[in-house]
1. If LYS122 meets every condition in (1) in a strand (DSSP E or B); (2) open to solvent by 50 Å² or more (accessible area, probe 1.4 Å) apart from one, which number is that one?
2. How many of the residues making up the range 136-155 are loosely packed, with under 14 Cβ neighbours inside 10 Å, modelled with pLDDT of 95 or more, in contact with a strand residue (DSSP E or B) (Cβ under 8 Å, 6 or more places away or on another chain) and not aliphatic (A, V, I, L, M)?
3. Take the residues in the range 156-195 that are modelled with pLDDT under 95 and among the hydrophobic types (A, V, I, L, M, F, W, C), then tell me which one is most open to solvent (accessible area, probe 1.4 Å).
4. Regarding THR158, is this residue on the phi < 0 side of the Ramachandran plot and free of Cβ contacts under 8 Å to residues at least 60 places away in the same chain?
5. So, in the range 196-226, of the ones that are under 26 Å from CYS88 (Cβ atoms) and aliphatic (A, V, I, L, M), which residue ends up surrounded by the most Cβ atoms within 10 Å (Cβ to Cβ)?
6. How many of the residues in the range 97-106 are over 16 Å from the mean Cα position of the chain (by Cα) and exposed (fewer than 15 other Cβ atoms within 10 Å of the Cβ)?
Amino acid sequence: MLKQDKLTAGVAVVLAKPCPYVIAHIENYPIKNRSNLLQKKPNVFIYVVVLKHKPRRFVTAVTVTLVKLMAIEIEHKFLLANDDWRDCVTHSVRYRQGYLSSQPTSSIRVRTSNEHAWLNIKSATIGTHRHEYEYEIPLADANEILNTLCKKPLIEKTRYFVQDNGHTWEIDEFDGDNQGLIVAEIELSEIGKAFVKPAWLGAEVTDDLRYYNNNLSQHPYSEWKN
């Protein structure tokens, strides 16, 4: 997280507001001027450690290294117009996931893929960008949580990866209670970034609540009415 050099033991410190990505060695540099030293990088942040009795200055001789404070997921969801995308698949991954909590503002889920598993916390904002936090957890723990604690039905799907015009498309083909549903997603590095839509892409459903995994676990595709 934060690497500290030559910091006197017992000195009280506090966390100041985050600033953009930086890998730098800063000594007694005024916070108001720190932007001159920073190298910007999207969606990555650090915490700044400051002395309590010197709130306008960095701790002397602290080497500040990056820490991911908040991940912003920027994505668009689409239906598929046809199956031509299958000819462009580079590889695929099988996912199994379930939800521990689903609130109007957020969701907590567990997901497994091959030999790996993650705990994921995501804001429930509908639209192109949301806050997302993800942490790898032991596979055995994840399987036990999915089988015993998560709400049913679980989300089961195969994710196919397709390269097109410099972007990676993730196409989810659902099984189980959501069989028959296929959704394509593209994740962008910044809000509003332009991208070319492949010919096999259908209607955008980014703002349609029904197509989010959180809702598919509560209202599966098999229960939808035409």
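1. Only one criterion in (1) in a strand (DSSP E or B); (2) open to solvent by 50 Å² or more (accessible area, probe 1.4 Å) is unmet by LYS122, namely (2).
2. Number satisfying all stated conditions: 3.
3. Checked the range 156-195; the qualifying residue most open to solvent (accessible area, probe 1.4 Å) is ILE191.
4. no
5. LEU216
6. Matching residues across the range 97-106 total 3.
Rundown of residues vs (1) at pLDDT below 95; (2) open to solvent by less than 40 Å² (accessible area, probe 1.4 Å), yes/no style:
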position: TYR95; (1), (2): no, yes
position: ILE108; (1), (2): yes, no
position: ARG111; (1), (2): no, yes
position: ASN114; (1), (2): yes, no
position: TRP118; (1), (2): no, no
position: HIS131; (1), (2): yes, no
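The values are calculated or read from the model by the stated rules, or taken from the named source; none is laboratory data. Nothing here was measured: the structure is a model prediction, and the numbers come from that model. Because the Cβ atoms are built from the backbone with ideal geometry, glycine has one as well, and the counts that use them run over all protein chains shown. To get the accessible areas, we keep the full protein, side chains included, count just its heavy atoms, and leave off ligands, DNA and RNA. Shrake-Rupley method; radii C 1.70, N 1.55, O 1.52, S 1.80 Å.
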